[in-house]
Amino acid sequence: TINYSVAAFKDKKDLVIGDVLKKMPGIDVKESGQITYKGKPINKFYIENLDMLQGRYGIATNNLSANDIATVQVFENHQPIKALEKSQFSNEAAINLKIKDGKKGIFSIMAMLGLGADKHLLWQEELSGMYFTKGRQHLFTYKTNNNGTDVNQELRSFTANNPIGELQMTGVQQPSSPSIRFERYNFNTSHAITANNLFKLKNDAEISTNFIYYNNKDKRHSFARTSYVLPGEDMILTRNRTNNIEAEFRYNLNKDRNYFNNYLNVSGSWNDDLGEVNTSQLIGQRLNNKSFFANNVTHWIKRKENERGIELISRNAFRTQPHHLHITPGVYPDLINAGNEYKALSQNVRYNAFASDSRFSFLSAVVFGNVRFSPTANVKIEHQRLHSVMEITANDNATHAVLNDDMQNNINWTRVNTGISPD
């Protein structure tokens, strides 16, 4: 364990602990907010030896006052599971923040107020409240701005393992991103709320809950003119509204011979995008995109005094994503509607996916000197379904599906992998 005194690295310009971490030897804070130690990402971020934030440690580094932290500890070669300390070596590090004694058991608030003007009113407001004791921890944050700052960046998890990604088949044509910093062209109105809580039980188990809500409205416009042979003008206007809500629940028991951790993550998003493309005609676009995701991970280890034992890891995830794109007026009538003019074109898409990955091991079943053999059996199941159909709105407002098979998708696939291996 390496101990860094915060007072030795902090100056008057450092407001939050993330400002001080950047100055400490071996520690690097990337632009994304990810922390590395000696070039490798950390595997845990603790506050008073408790993991409240579950990989979303940007919430702490950007909101905990540097004046409240006494020491930053680095745990080198940190194995977070006590039952595996003697059998599975780790070359990754963890960071632990030690709160000043005078700041424990006190609810403290930190706020920032920023106002300005640039053709219209600009603001950047932040409010955070925190409470830390040996038995429980609480951290609440609220941030809002319209000056281009990306408040969503600190909400991402650097340790999450998402087995199912999104599948985006439709989208609104948008202006391309310019080659300047994001906040310089981000015309936004953003709100972000987090509520993070941890409770320590009498049997040394921990229960933690994390709630995250993010809302963003983004406007973009671009204009381009090309005059090589024939004059032409393209103008694109878009308005994007994004809403993300996420909740996490964890029960953790971490003892020398018994480890049990159950982590449940549930998230949802709904996006509403509007766009106009003005070329030879004005084309209107509207996209409604929704997504629901649930992921549960169960990890159990039971060991005896001779280090032999059993380990079970089970990961199960489900995602459903319906999205709908509506375009006016009807485009490409020769391709889509047998040459007949029509009013609007829509595409309805639904994507469902399920993934399950389970592994069972007999830990150290056979030992030869310093070599341990752990027979392992695993089962992995993946299933996905994609269904999409195009619909035409005729000039008389009647709606019917495009029956051409080239304009539809109805795909199902399932994959099962099983195996036995000696580790």
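The values are calculated or read from the model by the stated rules, or taken from the named source; none is laboratory data. Here the structure is a predicted model, which is why all the values come from computation and not from measurement. Backbone-built Cβ (ideal geometry, glycine too); neighbour counts: all protein chains shown. Just so you know, the surface numbers come from the protein's heavy atoms only, side chains and all, with ligands and any DNA or RNA stripped out. Shrake-Rupley method; radii C 1.70, N 1.55, O 1.52, S 1.80 Å.
Data table
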item	result
Identity of the residue in the range 217-238, of a type in the set (A, V, I, L, M) and either surrounded by 12 or more Cβ atoms within 10 Å (Cβ to Cβ) or within 14 Å of Gly275 (Cα to Cα) (or both), that ends up modelled with the lowest pLDDT	Met235
Within the range 325-398, strands (runs of 3 or more DSSP E) holding 3 or more residues that are among the polar types (S, T, N, Q)	344-363, 375-393
Matching residues in the range 291-306 - criterion: being at pLDDT below 95 and open to solvent by 40 Å² or more (accessible area, probe 1.4 Å)	Lys304, Glu305, Asn306
Of all residues in the range 263-290 being part of a strand (DSSP E or B), more than 17 Å from the chain's Cα centre (by Cα) and polar (S, T, N, Q), the one that is modelled with the lowest pLDDT	Asn278
The range 146-192, subset part of a helix (DSSP H, G or I) and within 18 Å of the chain's Cα centre (by Cα), residue surrounded by the fewest Cβ atoms within 10 Å (Cβ to Cβ)	Gln153
Residue tally, condition in a loop (DSSP other than H, G, I, E, B) and of a type in the set (Lys, Arg), over the range 193-215	1
Any hit, the range 331-344, residues being surrounded by 17 or more Cβ atoms within 10 Å (Cβ to Cβ) and under 30 Å from Phe292 (Cα atoms)	yes
All positions within the range 380-408 that are out of contact with any Gly (no Cβ under 9 Å at 6 or more places or on another chain), free of Cβ contacts under 8 Å to residues at least 60 places away in the same chain and surrounded by 15 or more Cβ atoms within 10 Å (Cβ to Cβ)	Ile381, Glu382, His383, Gln384, Arg385, His387, Val389, Met390, Glu391
Residue count, the range 270-290 (criterion: among the polar types (S, T, N, Q) and surrounded by fewer than 16 Cβ atoms within 10 Å (Cβ to Cβ))	5
Search result, residues across the range 244-268 that are touching a Lys or Arg at 6+ places or on another chain (Cβ under 8 Å) and either open to solvent by 20 Å² or more (accessible area, probe 1.4 Å) or within 30 Å of Leu84 (Cα to Cα) (or both)	Asn254, Lys255, Asp256, Arg257, Asn258, Tyr259, Asn261, Asn262, Tyr263, Leu264
